[in-house]
Ligand SMILES: COc1ccc(N2C[C@H](O)c3cc(S(N)(=O)=O)sc3S2(=O)=O)cc1
Ligand SMILES: [Zn+2]
């Protein structure tokens, strides 16, 4: 199964056939049971310092759309929270479902959100490359932000880029001067736990930081996500829409979730 996906024949239920880590000890996403989360007053606040000029391009990766950043130096970083030192911004992407009722990857007390934003960073202080960092338990830090539907009239910048991308022949377009901190909610309270990539190869190298406060998107923006082509080089012949790209929650297996708030 080289072209994994989210359909019945190549989706999360069968990823373990080629990616045994799917049954690992620290898999993501999880359901955050708020009453079981441990308040840790020693957790410092999250601090993001993003340089808008570090954005490079927006691309259709076949499983989501990704906005990629220049991570050759410490231009855009995240610090604080559970992290030791600074982690360098690499990319951000979204996960969504076939309708507005569900589609986020993490849950909170069993509650579904319609989508989830993942802002991916790597530990450039400790590792010499992103690929090396992705192989280590403290190599990556992903900031997860839930999306809720509020019918806004404001066309969000990303939608404009998405529309542009949708009608482009290629799978990517250049993208300039975008500061992803505009996607963050005002409140930076969070939960944190040790987990994994939520896509193959499901590497157990992610320190997850999930913000409690969701951001708002319109139903129309989510429908634009779903209308992206889910083609990759290998399945050009069968273009279809990317109606869902979320992995179900995984067993906690004894892990502790910490909260930055009471
Ligand atoms: C070694 O194989 C790989 C290592 C890293 C990746 N990346 C691209 C993925 O889109 C992806 C998805 C992530 S999620 N949903 O936040 O867990 S994080 C992440 S990535 O940027 O690290 C791909 C392959
Ligand atoms: Zn993701």
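The values are calculated or read from the model by the stated rules, or taken from the named source; none is laboratory data. Fair warning: this is a prediction, and the values are worked out from it, not measured in the lab. Don't worry about glycine lacking a Cβ; one is built from the backbone with ideal geometry, like all the others, and counts go over all protein chains shown.
A quick yes/no check of all residues on (1) over 16 Å from the mean Cα position of the chain (by Cα); (2) at pLDDT below 90; (3) over 29 Å from residue 262 (Cβ atoms):
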site: 144; (1), (2), (3): no, no, no
site: 157; (1), (2), (3): yes, yes, yes
site: 163; (1), (2), (3): yes, yes, yes
site: 176; (1), (2), (3): yes, yes, yes
site: 181; (1), (2), (3): no, no, no
site: 199; (1), (2), (3): no, no, yes
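Considering only residues in the stretch 79-91 that are part of a strand (DSSP E or B) and within 16 Å of ligand 1 (Cβ to nearest atom), the one that is nearest to residue 195 (Cα to Cα) turns out to be 87. If you filter the stretch 70-91 down to residues that are within 16 Å of ligand 2 (Cβ to nearest atom) and either surrounded by fewer than 18 Cβ atoms within 10 Å (Cβ to Cβ) or touching a residue at least 40 places away in the same chain (Cβ under 8 Å) (or both), you find that the one that is nearest to residue 209 (Cα to Cα) is 78. Filtering the stretch 92-122 to residues that are more than 17 Å from residue 242 (Cβ to Cβ), without any contact (Cβ under 8 Å) to a residue 60 or more places away in the chain and either within 9 Å of ligand 1 (Cβ to nearest atom) or in contact with a helix residue (DSSP H, G or I) (Cβ under 7 Å, 6 or more places away or on another chain) (or both) leaves 120, 122. The single residue among 213, 204 that is within 16 Å of ligand 1 (Cβ to nearest atom), more than 13 Å from the chain's Cα centre (by Cα), more than 18 Å from residue 64 (Cα to Cα) and in a loop (DSSP other than H, G, I, E, B) turns out to be 204.
Just one of (1) surrounded by 19 or more Cβ atoms within 10 Å (Cβ to Cβ); (2) free of Cβ contacts under 8 Å to residues at least 12 places away in the same chain fails for residue 42. It is (1). Residues in the stretch 25-35 that are part of a loop (DSSP other than H, G, I, E, B) and closer than 15 Å to residue 247 by Cα: 26, 27, 28, 29, 30. Of all residues in the stretch 8-24, those satisfying the criterion of being surrounded by 13 or more Cβ atoms within 10 Å (Cβ to Cβ) and assigned to a loop (DSSP other than H, G, I, E, B) are 10, 11, 18, 19, 24.
Applying the set (1) in contact with a helix residue (DSSP H, G or I) (Cβ under 6 Å, 6 or more places away or on another chain); (2) modelled with pLDDT of 90 or more; (3) surrounded by 19 or more Cβ atoms within 10 Å (Cβ to Cβ) to residue 221 leaves exactly one unmet item: (2).
Against the conditions (1) outside any loop (DSSP other than H, G, I, E, B); (2) at pLDDT 95 or above, residue 41 satisfies every one except (1).
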